Amino acid sequence: MGGRGFADLTVDGSGIAVLRLDRPPVNAIDIELLHDVIETLREIEAEGGAKALVLTGAGPCFSAGLDLKAIPQYAKDQQRELVSSINRLLYRLYAFPRPTVCAVNGHAIAGGFFPVIACDYRLCADSACELGLTEALVGLTFPVSCMELLRSELPGHASRRLVLTGNTVGPREALELGIVDELAPPGALMDRAIEVAGQLGSLPLSGFARLKDQLRKEALSRMEDAALSGSDPQLQADWMTEEARKAIRALLNRKRG
């Protein structure tokens, strides 16, 4: 197994799979990256040899979210494919039958935030990185899978703050809010993530998969429906509105300035 495209995959001798988002410079999300990660997760499941999965980012960033330079140019059919692919990826990751550990090695913002909270155990580098949801800053709404993850995985006050303010938080506040489970020194992050993955991967795995399904059954049912049947209301609307395009252009101009 070696992954594909923007999803780099290695499996060590103990059966720990490490999947790195690898789309330089900041692992920004587009349709191709989503497809590559979905197919790599499917490949890991089909092979059946991995005992646990560690998800992380290549380079200094976990993921800075959607590619705001490319996605505003998407036609409506591409917008629909983007939303559908987000739903498919997050459903597959949240329902993954093996233990999943996220190693947040840098910024995890907007669309890059959701794979973090879809994992079973979340570690974050204790460094100058930010986590959060900035969609309110540009007027974008969330696919079904994203909202299900927020409701299932975060306390209500944390979701409210993140969704409605567009503010991000550092690692220590992310720990306090329940976004991540543990902080690690940047140089020790991957070693610790692999250690946790090994611990979880040593549990009876068929039982682990059933427990995960029990814990998440209702959310997974709604996510599966959105992923497989195309029932997400975002697919019926002009998701990328002109208001959002204007806000994105202004945001990019501020960053360039």
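The values are calculated or read from the model by the stated rules, or taken from the named source; none is laboratory data. Fair warning: this is a prediction, and the values are worked out from it, not measured in the lab. Heads up, the Cβs are rebuilt from the backbone with ideal geometry, glycines too, and the neighbour counts pull from every protein chain shown.
Just a few scattered comments:
- Single residue of 98, 80 found to be in contact with a Leu (Cβ under 7 Å, 6 or more places away or on another chain), in a loop (DSSP other than H, G, I, E, B), charged (D, E, K, R) and in contact (Cβ under 8 Å) with a residue 60 or more places away in the chain: 98
- Any hit, segment 155-174, residues being crowded, with 22+ Cβ neighbours inside 10 Å, under 22 Å from residue 241 (Cβ atoms) and not hydrophobic (A, V, I, L, M, F, W, C): no
- Segment 1-42, residues that are surrounded by fewer than 17 Cβ atoms within 10 Å (Cβ to Cβ) and free of Cβ contacts under 8 Å to residues at least 60 places away in the same chain: 1, 2, 4, 5, 10, 13, 24, 25, 32, 39, 42
- Residues in segment 222-251 that are among the polar types (S, T, N, Q) and either surrounded by 13 or more Cβ atoms within 10 Å (Cβ to Cβ) or in contact with a Gly (Cβ under 7 Å, 6 or more places away or on another chain) (or both) were compared, and the one that is modelled with the lowest pLDDT is 231.
- Listing of helices (runs of 4 or more DSSP H) fully contained in segment 132-203 that carry 1 or more residues being small (Gly, Ala, Ser) and closer than 17 Å to residue 120 by Cβ: 144-153, 171-176, 189-201
- Exactly one residue out of 118, 110, 103 is at positive phi, at pLDDT 95 or above and hydrophobic (A, V, I, L, M, F, W, C), and it is 110.
- For residue 48, the stated conditions do not hold, so it cannot be described as surrounded by 23 or more Cβ atoms within 10 Å (Cβ to Cβ), free of Cβ contacts under 8 Å to residues at least 60 places away in the same chain and closer than 20 Å to residue 101 by Cα.
- Only one of the numbered conditions (1) surrounded by fewer than 21 Cβ atoms within 10 Å (Cβ to Cβ); (2) touching a Ser or Thr at 6+ places or on another chain (Cβ under 8 Å); (3) hydrophobic (A, V, I, L, M, F, W, C) is violated by residue 119, and that is (1).
- Hey, residue 68 aliphatic (A, V, I, L, M), part of a loop (DSSP other than H, G, I, E, B) and either surrounded by 19 or more Cβ atoms within 10 Å (Cβ to Cβ) or in contact with a Leu (Cβ under 9 Å, 6 or more places away or on another chain) (or both) or not: yes
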